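Accompanying notes for the structure given below.
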Amino acid sequence: MPKIVIDPITRIEGHLRIEAQVEGGKVTDAWSSGTMWRGIEIIVKNRDPREVWAFLSRI
Amino acid sequence: MHEDGIVKALSQRGVSRRDFLKFCTAMAATLALPSTFVPKIAEALEKKMKPAVIWLELSDCAGDTESMLRATKPTIADIVLDVISLEYHETIMAASGKAAEKSKNDVVKNLRGKYIAIVEGAIPMKDGGIYCTISGHSALDIAREVCGNAMATLAVGSCAAWGGIASADPNPTGCVGVKEAVPGATVVNLPGCPVNVENITATIVHFLTFGSLPALDARLRPLFGYGKRIHDNCERRMHFDAGQFVRKWGDEGARLGWCLYEMGCKGPEAYYNCPTIRWNAGTSWPVQAGHPCFACAADNNWDVMGPIYSRLPNVPGAGYQVKADQIGLGIAAVTGAGVAAHAIIRGIKGSKENSGKPGPEEERRKQDAKDRD
């Protein structure tokens, strides 16, 4: 039951990890994980709505 | 890849000698060097080998990568293939997973102390560094390994320099900049949101030409890029001095390109070479496009520079602060009397300078003039 792990997935923006369970040459299960979190949604709480674009354009 | 000389590689890609010298001239200008240094830069680049570079993306948005991909002088293809030897960059490299990690680890192992690390993004320290992992390693461990063994580390963008947007209040993941996370590393900070790619290239060219990093300020920023205030190089500065302000979006002042100070411009507290090198192939920059500067290159600008659209308090030198309130308004109302009003303002300023002690603004200007000499 080999498990394939590809981390990092390149040529994308952001950090992604893919894991795949292989049985008999077929993928039987797979998981994807974003491996970075900064909490921009927490950072913009209670800020002036007029400037939130500047934060969210940097996600 | 890094065995080829830069010029040889450039000529193989059809870059003419004339284009190469133009690039050297542009780099001399960015570095604030006189044109007599152009042959020295050209000579150095002709002789030097391309440095191997590892570009790390940590708690980032890839905005600095986007900025780099839009390089025009030289193009990104020229930079990646010719000026440097980019051995690892997640967003643009072909390899994935283990093969990608191998490229990075090989450079760290085989070129210890000889490669340049470029870091984009902050380093989350909270909860054991779980908020950014690559290939099962935390950003902190990766930075320690890669930056700790590099000849020099360029912390590009405000996140890598000081934590940036990821460290804005309440800093949910405990983000810090590279120097704070890896104090032993040799770090050059190139803050900005994003960094301007010309500052990255100029720093590397300086290193190749002189064998040393450019002169840095106390916060490890190169003086060539961060030694001047936006306000002092701003093309709208005369409107600030004359008391001509945009007071409402879409008003007459906005249409005429007047000063954005009243709309929240942080130019008087911002240090960056935006007004001189500009963006998008040198076509424009935020203030030219009609938006106030929000001091993106300042440490924690998101919290300490206040709301983007709120005016900085008490910036000295504004036209109306030299008792020119009425005159400033007069200029706004009576166009055509500009020359006379200008003379009056000059008169008021002159008498102020003669009668009292110089204000902080004048002192700062004098200091700047001294620094230039």
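Tell me what chain A gives for mean residue ellipticity at 222 nm when only DSSP H runs of n ≥ 4 count, each as -39,500 (n - 2.57), the sum divided by the residue total, rounded to 500 deg cm²/dmol.
Estimated from H runs of four or more residues: -2500 deg cm²/dmol.
Binning at 10 angstrom from zero up to the longest distance, how are the C-alpha pair distances of region B:118-164 distributed in percent?
Percent of pairs per bin, in order: 28, 57, 15.
Given charges of +1 on the Cβ of Lys and Arg and -1 on the Cβ of Asp and Glu, with all other atoms neutral, how large is the dipole of chain A about its Cα centre, in debye to the nearest 20?
The dipole magnitude comes to about 180 debye.
What is the list of residues in region B:258-278 whose amide nitrogen lies under 17 Å from a point 7 angstrom out from the Cα of residue B:223, following Cα to Cβ?
Residues B:271-273 qualify, since their backbone N sits under 17 Å from the label point.
Just subtract the alpha-carbon distance of residue B:13 and residue B:289 from 0.36 nm times their residue separation and send over the number in nm, one decimal.
Full extension from residue B:13 to residue B:289 adds 95.9 nm.
Each label point is 7 Å from the Cα along the Cα-to-Cβ direction; what then is the distance between the points at residue B:281 and residue A:30, in nm?
In this crude spin-label approximation the distance works out to 4.0 nm.
Please compute the average number of Cβ atoms from other chains found within 10 Å of each residue's Cβ in peptide B:163-173.
Partner Cβ neighbours, averaged per residue: 5.
Using Cα-Cα distances under 8 Å and only pairs 6 or more residues apart, what relative contact order does chain A have, in percent?
Contact order relative to length: 23 percent.
Volume per residue, Å³, of the convex hull around the alpha-carbon atoms of chain A?
Once divided by residue count, the hull of chain A is 96 Å³.
In a shell of Cβ-Cβ distance under 15 Å around residue B:151, excluding residue B:151 itself, what net charge do Lys and Arg (+1) and Asp and Glu (-1) give?
+3
Can you check what the net charge comes to around residue A:13, using other residues whose Cβ is under 10 Å from the Cβ of residue A:13 (Lys, Arg +1; Asp, Glu -1)?
Taking every other residue near residue A:13 into account, the sum is -3.
Once you have the Kirkwood Rh of region B:172-251 from its Cα pairs, apply Stokes-Einstein at 25 °C and 0.890 mPa s and quote D in µm²/s.
Taking Rh from Cα pairs, D becomes 157 µm²/s.
May I ask for the net charge around residue B:292, where only other residues with Cβ less than 15 Å from the Cβ of residue B:292 are counted and Lys, Arg are +1 while Asp, Glu are -1? Present the calculation step by step, with values, prior to reporting the outcome.
Values: positive: A:50, B:229, B:236, B:237, B:247, B:248, B:266, B:311; negative: A:48, A:51, B:235, B:251, B:262, B:269.
Charge balance near residue B:292 sits at +2.
Projecting each Cα onto the charge dipole of region B:86-168 (Lys/Arg +1, Asp/Glu -1 at the beta carbon, about the Cα centre), which of B:155, B:110, B:92 comes out farthest on the positive side?
Positive-most Cα among the choices belongs to B:110.
What's the long-distance tail for region B:86-231, i.e. % of Cα pairs beyond 26 Å?
23
For labels at residue B:314 and residue B:127 in the simple 7 Å Cα→Cβ model, what's the distance in nm?
Here the answer is 4.2 nm between the modelled labels.
Where a number appears in this text, it was derived from the coordinates with a stated rule and is not lab data. These numbers were taken from a predicted model, which means no experiment stands behind them. Note that we place each Cβ from the backbone using ideal geometry, even for glycine, and neighbour counts take in every protein chain shown.
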